[in-house]
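Structure, as structure tokens:
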Amino acid sequence: MFVTLSASMAVLTSRHPVAAQDTKPAGDTTAAPKATPEAKVWVTRHEIRIGGSVLAYTATAGTMLIKNDKDEPVALFGFTAYVKDGGDPRIRPVMFAYNGGPGSASAWLHMGILGPKRTVDNEFTILDRADLVMIDPVGTGLSRPIGKGEGKDFWGVDQDIKSVSDFIVRYLNQYGRWAAPKFILGESYG
């Protein structure tokens, strides 16, 4: 199990590709267009034993591109979702959870209480009752401002509420979860 956890953490801390080197001719003073980082996800399948029963689930870790009202990229929002295999996404509950801080990623929630794995199966996870989406607000984990986005757009009580809400709406759209019962869990500042 420790190997799986280490591999998962390596995925969560990997860097995104950077734009290619500028190849303008000498003396050219025009600015090269900046490449927009792309959202990326990694998907793995797992099993856990909870209360004597085996539960199969899919883990999706990565980033989601967030845009402003002008359709300009402003952030990459990091997340990890644990979804029970075979569950009906229209009726299976989904819980969005994020950690305290400010500046603290959701890793503590993964490994401390909510995630399906610690160094062993986490018999106290709620994955048998609801799918989990761990959120890293902008400035934590893999989440960061990009393009037209700046830290001040995300770092504050109102900004935090807006950006986390925007992520949740986009997640519900992208993964077809609007009909599902929805819950939010925030720890500490979250």
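It is to be established whether one or more residues within region 169-183 are touching a His at 6+ places or on another chain (Cβ under 8 Å), under 27 Å from residue 54 (Cα atoms), among the basic types (Lys, Arg) and touching a residue at least 24 places away in the same chain (Cβ under 8 Å).
Scanning region 169-183 turns up no residue that is touching a His at 6+ places or on another chain (Cβ under 8 Å), under 27 Å from residue 54 (Cα atoms), among the basic types (Lys, Arg) and touching a residue at least 24 places away in the same chain (Cβ under 8 Å).
Suppose we filter 119, 80 for residues that are surrounded by fewer than 19 Cβ atoms within 10 Å (Cβ to Cβ) and either touching a residue at least 12 places away in the same chain (Cβ under 8 Å) or among the β-branched types (Val, Ile, Thr) (or both); which single one remains?
119 is the lone residue from the list that is surrounded by fewer than 19 Cβ atoms within 10 Å (Cβ to Cβ) and either touching a residue at least 12 places away in the same chain (Cβ under 8 Å) or among the β-branched types (Val, Ile, Thr) (or both).
Just to be sure I understand, how many residues within region 127-161 are over 20 Å from residue 186 (Cα atoms) and modelled with pLDDT under 90?
0
Scan region 87-97 and tell me whether some residue there is within 21 Å of residue 64 (Cβ to Cβ) and at pLDDT below 90.
Looking for residues that are within 21 Å of residue 64 (Cβ to Cβ) and at pLDDT below 90, one finds none in region 87-97, hence no.
Counting only residues that are open to solvent by less than 40 Å² (accessible area, probe 1.4 Å) and either among the basic types (Lys, Arg) or part of a helix (DSSP H, G or I) (or both), how many does region 142-190 have?
Within region 142-190, residues that are open to solvent by less than 40 Å² (accessible area, probe 1.4 Å) and either among the basic types (Lys, Arg) or part of a helix (DSSP H, G or I) (or both) number 10.
Could you tell me how many of the residues in region 63-77 are buried (at least 19 other Cβ atoms within 10 Å of the Cβ) and either of a type in the set (Ser, Thr, Tyr) or in contact with an Asp or Glu (Cβ under 9 Å, 6 or more places away or on another chain) (or both)?
So the answer is 6.
Somewhere in region 124-141, is a residue under 30 Å from residue 84 (Cβ atoms), open to solvent by 70 Å² or more (accessible area, probe 1.4 Å) and touching a residue at least 60 places away in the same chain (Cβ under 8 Å)?
no
For residue 60, are the conditions met, namely being modelled with pLDDT of 95 or more, open to solvent by 30 Å² or more (accessible area, probe 1.4 Å) and in contact with a strand residue (DSSP E or B) (Cβ under 9 Å, 6 or more places away or on another chain)?
In short, no.
Please go through region 154-181 and give me each residue that is farther than 25 Å from residue 58 by Cβ and not small (Gly, Ala, Ser), ordered by number.
Correct list: 154, 155, 157, 158, 159, 160, 161, 162.
Have a look at 97, 75, 105, 56 and point out the one that is small (Gly, Ala, Ser) and assigned to a loop (DSSP other than H, G, I, E, B).
The conditions single out 105.
The values are calculated or read from the model by the stated rules, or taken from the named source; none is laboratory data. Because the structure is a prediction, the values reported are computed rather than measured. Note that each Cβ is placed from the backbone with ideal geometry, even for glycine, and that neighbours are counted across all protein chains shown. What goes into the accessible areas is simple: the full protein's heavy atoms, side chains included, and nothing from ligands, DNA or RNA. Shrake-Rupley method; radii C 1.70, N 1.55, O 1.52, S 1.80 Å.
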